[in-house]
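To start, the structure under review is shown below, and the notes come after it.
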Amino acid sequence: MDEQFEHWRRQEQARDSTQRPTYADFKQAVMQGDDGGRLLNYVNSSVIFQAGVDFESKPMVVFCACNLPDPRTVDYDRLLNLIIFRLDEFVESDYTVVLLTSGAAHSPGWHWMSKAYRRLDRRYRKHVKSVYVVHPSMWSKLLFQVLGRVVR
């Protein structure tokens, strides 16, 4: 996120040298995007959302990988930023992740997955107390096996 923010900041400063853009400005620009916020609304309603609390009163964050949009029509770097902005609401305390993977029409590539994992720093991983994978596909089983060996 820092690299994208710095790149965006340099572009904005070149346009208007009177004011130094902030992280909040960057976040607002990414959230609004070229589509007037339609991707943001889609991400918050169909890709990642809170679905109540678990039995220990921790928020349950549902990530529907099956609802990821077509990578030919959506910038997945912006999509990742929107997902991270949504996760920012939960990272300060313990939370549970429910991952829905089956029936996905569009699967992100390995390169995007590794980039996404690298972008999730310690504060995002620290408070995840449980991960439930519902109806795992062969792709997600393989991914978790590989990541399980790498993360340890």
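Here are the numbers for this structure:
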{"read-out": "Computed FRET value (nearest 0.05) for ARG122 with SER57, which takes r as the C-beta separation and R₀ as 22 Å", "value": "0.40"}
{"read-out": "Environment charge of GLY33, counting only residues whose C-beta is closer than 10 Å and scoring Lys/Arg +1, Asp/Glu -1", "value": "-1"}
{"read-out": "The stretch 54-152 - Debye-derived log10 I(q)/I(0), Cα point model, q = 0.14, 0.17, 0.20, 0.24 Å⁻¹", "value": "-0.56, -0.85, -1.22, -1.67"}
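The numbers here are math on the coordinates, done by the rules we state, and not lab data. Being a predicted model, the structure only gives us computed values, none of them experimental. When we count neighbours, we look across all protein chains shown, and the Cβ atoms used for this are built from the backbone with ideal geometry, even at glycine.
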